[in-house]
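Report on the structure given below.
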Amino acid sequence: MHIRAGTEPEAEPMVDINTTPLVDVLLVLLVMLIITIPIQLHAVDVEMPGRSAPVPPVPPVVVQLEVDALGRFSWNGELLADRAALETRLREAAVEANQPEIHLHPHPRAKYDAVAAALSSAQRLGLRKIGLVGEPAP
């Protein structure tokens, strides 16, 4: 038998909330909500394509135009004699129905005027797909 003396501190009141009944009530409400939602039967008409396979896209024609350190041009690896030869090649490419993509690869020591001449000639002749290609990422 234990007798409490008046000097002993009383036990602290319990401050924790019992959440189990709250979770039970919420689960019941969730189940009731799911049951009361009407089932919606929507049909979507989808027209499936026939058995013919789609035509694969035509890969673009790519021309590798290189400018070396001396300002000379190479068209797909073929060294061109001068800027007039470059103009001729660009003019031929511009009149094609499916214009090629011109990938301009300037050498790091190439002169700016050679690269600018190639870009301005391509633009003046109406080529729409031209871009500078730098070094590949490491």
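The values are calculated or read from the model by the stated rules, or taken from the named source; none is laboratory data. Quick caveat, the model's predicted, so the values are computed rather than measured. Ideal geometry is used to build each Cβ from the backbone, glycine not excepted, and the neighbour counts take in all protein chains shown.
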Could you figure out which of (1) modelled with pLDDT of 90 or more; (2) of a type in the set (Val, Ile, Thr); (3) over 28 Å from the mean Cα position of the chain (by Cα) isn't true of Val63? (3)
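If only one of Ser52, Ser74 is hydroxyl-bearing (Ser, Thr, Tyr) and under 30 Å from Gln123 (Cβ atoms), which one is it?
Ser74
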Has segment 70-88 got at least one residue that is touching a strand residue (DSSP E or B) at 6+ places or on another chain (Cβ under 7 Å), surrounded by 14 or more Cβ atoms within 10 Å (Cβ to Cβ) and closer than 15 Å to Leu132 by Cβ? yes
Do you know which residues across segment 17-41 are part of a helix (DSSP H, G or I) and β-branched (Val, Ile, Thr)? Thr20, Val23, Val25, Val28, Val31, Ile34, Ile35, Thr36
